[in-house]
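Student: So that we are looking at the same thing, I have put the structure below in structure tokens.
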Amino acid sequence: MEHPPHGLTPAEPDAMSLLSGLVEQLRPNNPEDIVSATARIESLAARLQNDAALRRRVREAIESLFATRQAGSLYLSLGILPITGFFSETWRRISHTLLPDLQQPEEYLGDLLQHLFQRKTDEIWVTGVADETWTSLLASLEFETDSDPATLPVGLPAMLQSLWLLSYRITVIGFEPELLRLDTSLARPESPFLAQNLETRAFVECCLNRWDDPEAVAEDEKQLLVLFDQCREAVERIHRRSAQAGTSLQLTYKLQCLRDHISRGEQLACIAGELQRDRSGRTAYPSVVSLLKTLVFASCRKNDLRTFWRQNLEITARRVTEYAGKAGEHYITENRREYFSMGRAAMGAGVFIAVMAMIKLALHNVHLAPLNEMLAYGLNYGLGFMIIYMVGFTVATKQPAMTANALAASIGEARGKVRDLENLITLIARTTRSQIVAILGNVSVAIPMAIGISFLIFLLTGQQAISPAEADKLLAGHHPFTSGALLYAGVAGVCLFLSGLIAGYFDNLTTYNRVPQRIRQLGWARRLLGMPRLERFAGYVERHMGALAGNFIFGMMLGSAWGIGMLLGLPIDIRHIAFSSAYLGYAAAAYDFAPPLAPFLWACVGVAGIGLVNLGVSFALALFVALRARGVTFSQGRQLMRGIGRRLLSHPRDFFLPPRKQADELVQ
């Protein structure tokens, strides 16, 4: 068991060294040992109560530091996002982590606090110790002993000035165009962002006047706190509206910046109000302790990039995944009609996939320059995927990145409750069979279509679409163990996952920037197309912009992967089940339908593995991001897996085939 701190020796040279030694003795060996930290603080409080000389030295040290240091860095910087912007703050944290900022504890209170609590783990024990323990330590210093009721407490003027500056910042950020666009009522004279500034000025002046004239009319902080609360309600209202109107990193950053300023303003107003009512300061101790914990926590995480990114990116990621989740709902079939409709859409896509695969093989034989070849492959895939989407067909591997977000949304709604697991398992079964029928639809048409194209080329030219040597390379390139095909399938899965996020991002961007509304107001477009056609075009952009962008960029990623790998000297390439199945068809035709048995069978196994990896990687990544974006911690994973196992054993049909017609009719 650790020994409690001993009394401070008179050898301490100055106030800063005195407090540094104090914190060093209070700091437990294990920052998570809150019991030890509490015992040390209680022991020091008891010693201070019994030793008047020690109590006076510590008290005078604290008062001298507050009297001689600038307090703005303490109240206006620590724990508050600056108004510079998301990317500027990101760069600041990175650069200051690599090359720490110059600290001047002899001039600034903020730097002094960081000097005292210089270990990153200090926030653990400081925030872990109960407020009552810290309050008793403050009370043991007896600040009221030497205080003059007619004199402003040391540090209060700087605190009030900081409160006033915070108020101005809140007003400035609250009138940002991005916020006013989502809530036009904030631009009115009665805006809480403006009203709190006027009330803060009156409150600060009242606090200062009350010390000069105790008979002056008191103005407590209650009205100011009400206005701060109204500002917070406005922030949350804008946050909710961004769910429909779209969001951005800058908007998310500004809203978080406002929350930080409002919270700090409330803390300072509470302390000032308590000091105004009780000049001994004892009633203000709980508020002081709360502020102390906040400042120490912020000091220890001042350059923490992970916390900063999580705080700002989660909301934007959630908006993006919600848009992708809405699209994902259309990829999950519920009844027989939807199931077979999905199969037909996938079969239609198989026709285009076989054509795109042939174009890719033809481009390869042209032997373009590497950069031109990358662009040609990317445009072939990207434009092909866009056409497939526009005509209403479905590429199977595009589903997981979308359906994972729909599943995450259902988990978020269920909140991990046992009674909702059955509905979730049903949704997983529906998703599984939807993806299986889409894969079968793609493959069942892509292979015979490839054979048909090969036969047509032979009739027209007298030559096979590809030579037996090229067919050998195609089969060898799909061997599951010797070619790296499964690794390349994982790369394609990552691209599929990114395409889902890109689709959600562009849907969010289209909504946030009001692209459809801006299209409708184009004068030249009205004259050229007419209002009815322009209205239909704007509506199409509103509904499909994200999907079109996601498909095109996905195609460009697939086309350029090999080129990036070549430039970097890395084994990067892609394998996509739909195209790989088409290549099997072309290879079989090149051998006059008598391919070497072993390589062909291994290639078939490789194609099956490619499909599993494509789906598994993209689905797992999308589900992980969607869950993190919603802050879901699904603690009942084992129950879910057991439930899926039971359903698979008792009703295996649910995972592969649609419900029977009778059940389907009951659903309808």
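Values quoted throughout were computed directly from the atomic coordinates according to the rules given, and no laboratory measurement underlies them. It should be emphasised that the depicted structure is a prediction, and the values quoted were computed from it without experimental measurement. Because the Cβ atoms are built from the backbone with ideal geometry, glycine has one as well, and the counts that use them run over all protein chains shown.
Student: Can you give me the angle between helix 285-300 and the longest principal axis of the chain, using Cα atoms only, in degrees from 0 to 90, rounded to the nearest 10?
Tutor: Orientation of helix 285-300: about 50 degrees from the principal axis.
Student: Let me ask another. Among LEU460, ILE610, ALA476, which residue has its Cα furthest toward the positive end of the charge dipole of the chain, with +1 on Lys/Arg Cβ and -1 on Asp/Glu Cβ?
Tutor: Among LEU460, ILE610, ALA476, the one farthest towards the positive end of the dipole of the chain is LEU460.
Student: Through the Karplus equation 6.51 cos²θ - 1.76 cosθ + 1.60, θ set to phi - 60°, convert the phi angles of the range 489-498 into ³J(HN,Hα) values in whole Hz; use x for Gly and Pro.
Tutor: Going residue by residue, I get 5, x, 4, 4, x, 5, 4, 4, 4, 5 Hz, with x marking Gly and Pro.
Student: Can you compute the label reach from THR84? Point 7 Å from Cα along the Cβ direction, backbone N cut-off under 16 Å, restricted to the range 265-304.
Tutor: 302-304
Student: For each of LYS254, LYS222, LYS360, count neighbouring Cβ atoms within 10 Å of the residue's Cβ, then give the residues from fewest to most.
Tutor: Numbers: LYS254 22, LYS222 10, LYS360 19.
In increasing order of surrounding Cβ atoms, one gets LYS222, LYS360, LYS254.
Student: Here is a further query. With a cut-off of 8 Å between alpha carbons and a minimum separation of six or more residues, what is the relative contact order of the range 15-317 in percent?
Tutor: Computed over the range 15-317, the figure is 27 percent.
Student: Let me ask something else about it. Could you give the length gained by full extension between VAL494 and VAL391, i.e. 0.36 nm per residue of separation minus their alpha carbon distance, to one decimal place?
Tutor: Full extension from VAL494 to VAL391 adds 34.5 nm.
Student: Turning to a different aspect of this structure: For HIS651, list long-range residues whose amide hydrogen, built 1.01 Å from N in the peptide plane, is under 5 Å from its own amide hydrogen.
Tutor: HN-HN under 5 Å from HIS651: empty list.
Student: Between PHE455 and GLU144, how many nm apart are label points set 7 Å from Cα along the C-beta direction?
Tutor: 10.0
Student: Would you mind getting me the FRET efficiency between LEU649 and SER290? Use the beta-carbon distance for r and R0 = 45 Å, nearest 0.05.
Tutor: The value I calculate is 0.25.
Student: Can you compute the helix-only [θ] at 222 nm over the chain? Use -39500 (n - 2.57) per DSSP H run of at least 4 residues, normalise by all residues, nearest 500 deg cm²/dmol.
Tutor: Estimated from H runs of four or more residues: -25000 deg cm²/dmol.
Student: Same structure again: Rank these for me by crowding, TRP602, TRP309, going from fewest to most other beta carbons within 10 Å.
Tutor: The fewest-first ordering by Cβ neighbours comes to TRP309, TRP602.
Student: Given axes a ≥ b ≥ c from the Cα gyration tensor, I'd like to know whether the range 15-317 is rounded (a/c under 1.5), prolate (a/b larger than b/c) or oblate.
Tutor: Taking the square roots of the gyration eigenvalues as a ≥ b ≥ c, the range 15-317 is oblate.
Student: Here is a follow-up. With a point put 7 Å past each Cα toward its Cβ, work out how far SER185 is from ARG660 in nm, to one decimal.
Tutor: Output for this residue pair reads 5.6 nm.
Student: Now for a different question. Between GLN517 and ALA369, what is 0.36 nm times their sequence separation minus the Cα-Cα distance? Round to one decimal in nm. Mind dumping the intermediate values first?
Tutor: Details: separation 148, 0.36 × 148 = 53.28 nm, distance 4.23 nm.
Residue separation times 0.36 nm, minus the Cα-Cα distance, leaves 49.0 nm.
Student: Which far-off residues, 5 or more places away or on another chain, put their amide H under 5 Å from the one on TYR108, with H placed in the peptide plane?
Tutor: GLN70
Student: Moving to a separate point now. Fewest to most neighbouring Cβ within 10 Å: what's the order for GLU106, GLU178?
Tutor: Fewest-to-most ranking of GLU106, GLU178: GLU106, GLU178.
Student: Ok, one more. Which length gain, in nm to one decimal place, applies between GLN70 and GLU132 when the Cα-Cα distance is subtracted from 0.36 nm times their residue separation?
Tutor: 19.5 nm
Student: Follow-up. What is the helix-to-structure angle for 637-650, meaning the angle in degrees between its Cα long axis and the longest Cα principal axis of the chain, kept from 0 to 90 and rounded to the nearest 10?
Tutor: 30
Student: For labels at ALA620 and MET641 in the simple 7 Å Cα→Cβ model, what's the distance in nm?
Tutor: Using points 7 Å along Cα→Cβ, the separation is 1.2 nm.
Student: Return one number: the angle in degrees, 0 to 90 and rounded to the nearest 10, between the long axis of the Cα atoms of helix 336-366 and the longest principal axis of the Cα atoms of the chain.
Tutor: Helix 336-366 sits at roughly 80 degrees to that axis.
Student: Separate question: Given a cut-off of under 8 Å on Cα pairs at least six residues apart, what relative contact order in percent is computed for the chain?
Tutor: 16
Student: Could you pull out the trypsin sites (Lys or Arg not before Pro) across the range 117-213 that fall in loop regions by DSSP (anything but H, G, I, E, B) with no more than 14 other Cβ atoms inside 10 Å?
Tutor: Passing both the DSSP loop test and the Cβ count: ARG119, LYS120.
Student: When a/c is below 1.5 the answer is rounded, else prolate if a/b is larger than b/c, else oblate, so apply that to the chain with a ≥ b ≥ c taken from the square roots of the Cα gyration tensor eigenvalues.
Tutor: Note, shape of the chain comes out prolate.
Student: At R0 = 60 Å, how high is the FRET efficiency between ASP14 and GLN230 if r is their beta carbon distance? Nearest 0.05 is fine. If you can, show how the numbers build up before the last one.
Tutor: Numbers: r = 45 Å, r/R0 = 0.76.
The value I calculate is 0.85.
Student: Output wanted: per-residue J couplings in Hz (rounded whole) for the range 19-32, from phi through Karplus 6.51 cos²θ - 1.76 cosθ + 1.60, θ = phi - 60°, x for Gly and Pro.
Tutor: Listing the rounded values in order: 6, 4, x, 4, 5, 4, 6, 6, 5, x, 4, 10, x, 8 Hz.
Student: Still on this structure, I have one more. With a Förster radius of 41 Å, plug the Cβ-Cβ distance of ARG282 and GLU422 into 1/(1 + (r/R0)^6) and report the FRET value to the nearest 0.05.
Tutor: Working: r = 57 Å, r/R0 = 1.38.
Efficiency for this residue pair is about 0.15.
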